[in-house]
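What follows draws every value from the coordinates through simple rules; no lab data is involved. None of the values given here were measured: they were computed from a predicted structure.
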Amino acid sequence: MHPAVILRILGLLLMVYSSTMLLPALVALIYNDGGAQQFIYAFAITLVAGLLCWLPVQNRKQDLRVRDGFVVVVLFWTVLGLFGAIPFMLGDEPHMDVADAVFESISGLTTTGATVISGIDALPKSILFYRQQLQWLGGMGIIVLAVAILPMLGVGGMQLYRAEAPGPVKDNKLTPRITETAKALWYIYVSLTLACALAYWLCGMSVFDAISHSFSTVAIGGFSTHDASIGYFQSTSIELVTVLFMLLAGVNFGLHFLAWRRRNVFSYFQDPEFRFYITVLLSISLLVFVGLLLTNEYSDPLLAARHALFETVSIGTTTGYGVADFSAWHPLLATALIMGSFVGACAASTGGGIKAIRVYLMFKQGLREIRRLIHPNAVMIIKLSNKAVPDRVIEAVWGFFGIYLISFCVLFLAMLATGLDFISGFSAVAACLNNLGPGIGTVSVHYGEISDTAKWILCFAMLLGRLEIFTLLVLFTPMFWRH
């Protein structure tokens with residue numbers, strides 16, 4: 001491991017990140033909401049901290065190895081999450097303590113969308129914009145992580161995409177090709193954001209709301225500038241635009257790259273994960289629609305279909321927007337939606353959850369085991385797009401799933417120990433580990449009423465889910481730190 005190289009990268013990250021504080025300060029000046037000072041102070045503190053990390057090691061330019069990559073990836077979200085909390089602590093409205101500020105910042109950067117704030121409509125425009133910007137920056141970081149870095153690290157079956165990533169990287173170190181990958185992904189990400197903002201504006205949103213919601217929609221974050229979320233606008237066209245871009249943001253960005261390079265939209269439908277992803281969302285939508293009609297939740301079938309589709313896509317992609325309080329629906333429907341978030345979006349997308357490709361491979365492996373009971377001597381190969389999936393990948397997927405379940409149980413028990421009830425504790429862990437945001441029970445609206453201890457536990461859960469579990473847990477193993 002090369003601590004000097006890691007410190008140099010951390011310093012550069014902090015200095016670059018400090019510049020993002022200036023945009024909310026500009027918004028504060030435009031709207032004259034009195035929030036510019038807190039962002040200027042946050043900019044100065046972050047910049048100085050970055051300089052102090054970078055200056056002593058500025059000339060250390062050794063190659064970054066795999067072990068260093070794990071540390072850098074974890075530091076990306078933890079350190080930036082901590083420094084991102086500074087504006088929340090310095091502001092008067094809202095004025096947060098450390099636990100609340102770090103929770104809100106990490107929730108934004110990990111694109112979870114869980115909030116401790118109530119009365120969002122009354123917040124200064126600069127704070128509203130800053131929350132959305134946190135998610136947008138985190139979303140971009142997730143894409144680069146998922147497509148360019150995790151396949152190289154071989155995390156939880158993500159090596160499946162090593163050969164298909166738009167900028168393949170070598171296995172032994174991070175290479176300049178990651179820069180090429182990141183650049184291509186940046187163009188796609190920004191293009192989707194601009195298209196989403198324009199669509200929102202054309203459908204009737206103000207310029208501020210259109211830009212803000214495009215940030216969190218493409219990042220699959222779920223933060224909104226209104227307490228009622230997308231339901232505030234009472235617009236079918238806005239809801240349809242939101243559904244479209246949530247679906248697109250939940251797709252593997254490698255597929256977006258291939259479709260753009262080949263100029264062929266059918267590239268999406270040739271991908272088995274994409275087909276599985278759409279099938280799961282459509283199935284849950286149909287279940288929720290029928291359930292809403294049978295429980296007489298809505299008398300108008302069109303309204304029931306509208307809300308069923310929106311809430312399914314929102315929860316299934318782990319965005320967390322709302323047009324209705326799904327936690328007040330029949331327990332079966334609310335639970336089905338939460339369970340959909342466990343599947344989540346596609347790998348290499350801004351979405352959370354276990355990821356559709358892993359669930360799909362576990363399903364295929366389960367079918368293979370059933371067939372082996374009938375034909376114990378047969379040679380059976382799992383294929384994706386007519387290509388054999390190595391058994392090592394299947395093992396990694398099952399390993400990921402096992403660690404995921406253990407992590408979930410431990411976090412759930414920890415939440416119960418803080419005094420949270422069973423339903424609220426279960427949904428809070430599910431919402432944060434899957435980077436979803438809204439839960440059921442006490443945490444259906446916001447997380448402001450739970451204890452500080454519970455908030456710190458959920459901060460860890462958000463990071464654990466965002467970093468594909470193994471990436472974070474590997475740092476807690478003695479083997480990792482041995483020379």
Using modelled amide H (1.01 Å from N, peptide plane; none on Pro or chain starts), what sits under 5 Å from the amide H of G320, excluding residues fewer than 5 places away? I315
Assign one of three labels to segment 264-343, namely rounded, prolate or oblate, based on the Cα gyration tensor with a ≥ b ≥ c the square roots of its eigenvalues; rounded applies when a/c is under 1.5, prolate when it is not and a/b is larger than b/c, and oblate otherwise. prolate
Would you compute the Debye intensity of segment 328-483 from its alpha-carbon atoms alone, equal scatterers and no solvent, and pass along log10 I(q)/I(0) at q = 0.08 Å⁻¹ to two decimals? -0.29
With a/c under 1.5 counting as rounded, go ahead and sort segment 319-359 into rounded, prolate or oblate using the C-alpha gyration tensor (a ≥ b ≥ c being the square roots of the eigenvalues; past the cut-off, prolate if a/b is larger than b/c, else oblate). oblate
Would you pull out the residues with amide H under 5 Å of A347's amide H, same chain only if 5 or more places away, H placed 1.01 Å from N? A356, I357
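From the P(r) of segment 1-101, could you give the percentage of C-alpha pairs in the tail past 22 Å?
37
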Asserting the computed 222 nm helical MRE of the chain (DSSP H runs at least 4 long, -39500 (n - 2.57) per run, divided by residue count, to nearest 500) equals -20000 deg cm²/dmol
Cα gyration tensor, segment 48-140 - rounded (a/c under 1.5), prolate or oblate: prolate
Result row for the chain, helices from DSSP H with C-alpha axial extent 24 Å or more and mean Kyte hydropathy at least -0.5, is 3-19, 36-54, 66-84, 125-144, 177-202, 272-294, 356-374, 391-417
Defining a contact as two alpha carbons under 8 Å apart and six or more residues distant in sequence, what relative contact order in percent does the chain show? 17
Over every pair of different alpha-carbon atoms in the chain, take the mean of 1/r and invert it; report that Kirkwood radius in Å. 22.8
In this model, which of K183/K364; K183/K455; K125/K183; K125/K355; K183/K355 are farther than 27 Å apart at the alpha-carbon? K183/K364; K183/K455; K125/K183; K125/K355
